[in-house]
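Structure first, commentary second.
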Amino acid sequence: MAISRRALRVAACIAVAVLVVICACLLLQGEAAAGGGKTSLPGGGPGGPGTPQSTATPVPGPETRTVPAPAGAVTARAPTLAPTPTQRPVAFTLDAGAPVSCGLTCRETTATITNTGDETAHSVCVVIELFNDANERIPINSGPSVERCIGDMAGGSSRTETVQVNADCGFLATRCVGHTLVLKTRVTSLEKTVQFPDTFISV
C-alpha cells in the first residue's frame, strides 16, 4: 500500500514534537539537579531536604572607638599606699668617756646610754664589774659589782650617768697595784641585755 505524502508529513511533525518534549524534560531535570539538590548551611554543613538557604543580612553591632586624651591632660592613677614602717626593737649604745682618777683605787666614769630602738625599754639598769689581769674579781663599792637603775627609756631617748668606782684591792692594794684592771659594763632591761667592750685601767 502506498503511503501518501501528507501522511508522511504528519508523522514527521509528530516525531519532531516528541523530540522537542523529550529535550525540554531533560533540560528541566538538569536545572533541578544543579540548583535544587542540596542546600549548604552557614558554616559548610549540608542542609536537609527542603531547608532554604539563609540569605539574611547580619545587623552590625555598636562600633567601639578609642578617644585619645587631649594634649596636656593628666591621666588619673590609683594612689600608691606607703608601706607601714617596721618598729625597731629595743637596742642600746654606750658612749663612755675615759675614767677619771679620784684616788689610787678610785675611778669615776660618765657614760651616755641611748635606746636606739622605737619601743620603750623597761627597767633599764647599768651594771659595772671590775677584774684584774689575773682574772680576779675586784669588789667595788663594798659589793661584787655596781648596779645603777634608771627606770624606763622611751625609744630614741638618752640618759647620762656618772658612776664612781672604789675598788677593794686588798691589803696594800696588791690585787690592783702593778696590774691592769678591766672594767666590764653592760646595760640590762626587761627586753634586752647588751654587753659593751671592756675598758682597761692601768694602776
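Just so it is clear, none of the values below were taken in a lab; they were calculated from the coordinates. Not measured: the values here are computed from a predicted model. In this analysis, Cβ positions are derived from the backbone assuming ideal geometry, glycine residues included, and neighbour counts consider all displayed protein chains.
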Calculated FRET efficiency for the pair Phe200/Asp152, C-beta based, R₀ 25 Å, to 0.05: 0.20
Taking the Cα of Cys125, stepping 7 Å toward and past its beta carbon, and measuring to each backbone N in the stretch 160-201: which are under 14 Å? 186-194
Exposure proxy check: His122, His179 ranked by fewest other beta carbons within 10 Å? His122, His179
Enumerate the calculated ³J(HN,Hα) couplings along the stretch 192-203 in order (Karplus 6.51 cos²θ - 1.76 cosθ + 1.60, θ = phi - 60°), each rounded to whole Hz, writing x wherever the residue is Gly or Pro. 7, 10, 10, 9, 9, x, 5, 10, 9, 10, 8, 10
Given the convex hull over the Cα atoms of the stretch 92-202, what projected area results after averaging over all orientations, in nm²? 6.5
In vacuo Debye sum over C-alpha of the stretch 77-156, base-10 log of normalised intensity I(q)/I(0) at q = 0.14, 0.22 Å⁻¹, listed in q order, is -0.66, -1.10
What distance in nm separates the simple spin-label points at Ala96 and Arg77, each placed 7 Å from Cα in the Cβ direction? 5.2
What is the extension gain from Arg6 to Ser142, computed as 0.36 nm multiplied by their sequence separation minus the C-alpha to C-alpha distance, in nm to one decimal? 32.0 nm
Let me have the relative contact order for the stretch 92-202, percent, based on Cα pairs under 8 Å that are six or more residues apart. 31
Can you give the FRET efficiency to the nearest 0.05 for Thr160 and Val182, using r as the Cβ-Cβ distance and R₀ = 22 Å? 0.40
